[in-house]
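A short write-up of the structure that comes next.
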Amino acid sequence: MANEPGSNRRQFFAALASAASTAAASSALTTEAKAEDAIGAAPMPPMQDRIARAHQMRMKLSDSFGALPPVEHPTNGDEERYPNKINSFSKTLLHKPNGETSLDAYRSLLKAVDSGSKEDFQRILRGGNVRLKNPTGAYNFQLDGPDQSQYTMAPAPAFDSATQAAEMVELYWQALTRDVPFADYDSHPMIAAVSNELSSLQGFHGPKLDGRVTPRTVFRGILPGELTGPYLSQFLTRPFKMGSLEIDQRQKSALPDADFMMRYSEWFGIQLGEGKGPGTQHEDVARYIRNGRDMANFVHYDWGYSPYYHALWMLLGFGADAFTENNPYLTDKGQEPYVNFGPPDALDLLGHTAKPAFLAAWYQKWFVHRRARPEAIGARIFQNAVGNEAYPIHDQIMNSRALASTFSKFGTYLLPQAYSEGCPGHSAYPSGHATVAGACVTVLKAFFNENFVIPDPMVAASDGLSLKKYTDGELTVGNELNKMAFNIAMGRNWAGIHFRSDASEGLKLGEEVAMQLLASRSLTYLDEFEGFTFTRFNGEKVTIKRAA
């Protein structure tokens, strides 16, 4: 890849700050920070000494990140393997009639990514007026934690792999079942059909019970506690207070059966960037999130860390018992947590974590993977199915019941989209929503007691007009935060714009970003505390603290 456009930029960033990676536990800062670097490790010094010590701490942090060794950024090789770029992101560029990108247009995109020049981005050979989603954001530097080039990810599934085919089967089923209420999964015949087919697939990495996908596991993730309780997290269901405001979590729901981009001409125009479609139409009545379409609608309009901001208010409403037992003020007779380990501290770190997570995702999206979106892979499947092309697509999607059922219901082999504009103007891998979810949920788990039992759990009725009590067992903060992270990541899959691996790997990337920021934050406290302890998405319990 040394001669590929874009490789100079990748090498520059890799050499610039080197590497923490998604195995960042090997970095001392990930789980342990040096006690002598803490501002308050000794009695308060004179002001001039304090300024010097603060400067010294910042320099040591910067030096420690700069001294990390370089990381590799492996890809699936599809950008080089397929000269026609059939698994590379190209939305808004000029395209051929068969839906493949113009190679001159794709080269103009790579030239812009390589140079970072605003002028080169304006010279990209484009098909319409819809703009790319801020690729130069990937070039930004940040002053807290490692540079975004210091994180790495596993390669995305390859175009011809069983895993990508399995992920497309799941997406076609999600399009078919968007309007099925979560509360009806146990008895709905289509959910039974989904479960049966996903159980038979090679390369499917969703959760199973006794080796099979079931209505209890379908469309869920593999994070700890995700299979416990209702499909939707309590943090997206229960009413809560935001100061003096009462928030009941109802939204204006998208109209049922409103799916888009099912005619090839419509798909082609959107792929060129000619327009954003007619827009989503909404019901007059507000509903609680009760099905996949509602979840897709929710993540159509949220910004950054807003769902986790809401979750934080809910957690604060549970009282002092909901804080992590490592909070040094829980047993302090003279002080209560506030600036340190209290609401302002948690609010600040939560908001402070979202942009580094976005930067990490944007680096991977633009400089490393450039994975095509599901709507583009749907067009490759369409061209194969109608006999126009012979792409090397795995048989298990072409022969699937999901694809046949999609054609039977919608009259197309394209992947029906919940958003009239389809995906945004940036590549698929990883999901930005998932990366921010992984980062923000990790911060919340670090501040709060994962074993705290959520009082008065609720579940939405099948019509979404009311809530009823959930009485089938206890739901804990840790499990419900994990569930929330995957609910939001999977919400973009419900829309048809991301793959399962975009979600699951994005969550891991976001977790690593948060761990590095927690390590940096731990150096700034005067307090002696046991560290930030929480359960990682892989089930490992870790503590991030200053060294003794």
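The values are calculated or read from the model by the stated rules, or taken from the named source; none is laboratory data. What you see is a predicted model; the values in this text were computed from it and never measured. A quick note on method: Cβ atoms are made from the backbone with ideal geometry, for glycine too, and the neighbour counts reach across all protein chains shown. Each accessible area value is taken on the protein alone, full model and side chains, heavy atoms only, with ligands, DNA and RNA left out. Shrake-Rupley method; radii C 1.70, N 1.55, O 1.52, S 1.80 Å.
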Gyration tensor on Cα atoms of the stretch 406-521, a ≥ b ≥ c root eigenvalues, a/c under 1.5 rounded, else prolate if a/b beats b/c, else oblate, says oblate
To the nearest 20 Debye, how big is the dipole of the chain about its Cα centre, given +1 on the beta carbon of each Lys and Arg and -1 on that of each Asp and Glu? 960
If you take the alpha carbon radius of gyration of the stretch 187-301 and divide it by 2.2 N^0.38 Å, what ratio comes out, to two decimals? 1.35
Percent accessible area from carbon and sulfur atoms, the chain, protein chains only, probe 1.4 Å: 52
To the nearest 10 square angstrom, how much accessible area does residue 136 have with a 1.4 angstrom probe? 60
Quick one: accessible area per residue over the stretch 417-516, 1.4 Å probe, rounded to a whole number of Å²? 21
accessible surface per residue for the stretch 261-368, probe 1.4 Å, DNA/RNA/ligands not counted, whole Å² -> 43
The answer for the net charge of residues other than residue 146 whose Cβ lies under 13 angstrom from its Cβ, with Lys and Arg +1 and Asp and Glu -1, is -4
Positive-end residue of 130, 489, 328, charge dipole of the chain with Cβ unit charges: 130
Could you list the square roots of 5 times each eigenvalue of the Cα gyration tensor of the stretch 97-252, that is, the equivalent ellipsoid semi-axes, sorted largest first and rounded to whole Å? 37, 26, 18
Between the stretch 501-548 and the stretch 332-369, how many Å separate their Cα centres? 11
Suppose only helical runs count, i.e. DSSP H with n ≥ 4. What mean residue ellipticity at 222 nm does that imply for the chain under -39500 (n - 2.57) per run, divided by all residues and rounded to the nearest 500 deg cm²/dmol? -12500 deg cm²/dmol
Highest-first arrangement of 88-96, 428-436, 334-342, where packing means the average Cβ count within 10 Å: 428-436, 88-96, 334-342
Relative to the longest principal Cα axis of the chain, at what angle does helix 374-385 sit, 0 to 90 degrees, rounded to 10? 20
Excluding residue 167 itself, calculate the net charge of residues whose Cβ lies under 14 Å from the Cβ of residue 167, where each Lys or Arg counts +1 and each Asp or Glu counts -1. -1
Take every Cα-Cα pair in the chain and report what % of them are more than 30 Å apart. 51
Largest to smallest accessible area among 114, 210, 294, 472 [probe 1.4 Å]: 210, 472, 114, 294
Given charges at beta-carbon only (K, R positive; D, E negative), |dipole| of the stretch 346-450 in Debye: 80
Residue-normalised accessible area of the stretch 127-219, expressed per residue, 1.4 Å probe, Å²: 38
Farthest toward the dipole's positive end in the chain, which of 436, 172, 366, given Cβ charges of +1 (Lys, Arg) and -1 (Asp, Glu) about the Cα centre? 366
Local electrostatic count, residue 283, Cβ distance below 13 Å [Lys/Arg +1, Asp/Glu -1]: 0
Could you please state, rounded to a whole Å, how far the C-alpha centre of the stretch 434-483 is from the C-alpha centre of the stretch 77-123? 41
Could you compute Rg(Cα) / (2.2 N^0.38 Å) for the stretch 215-283, with N its residue count? 1.67
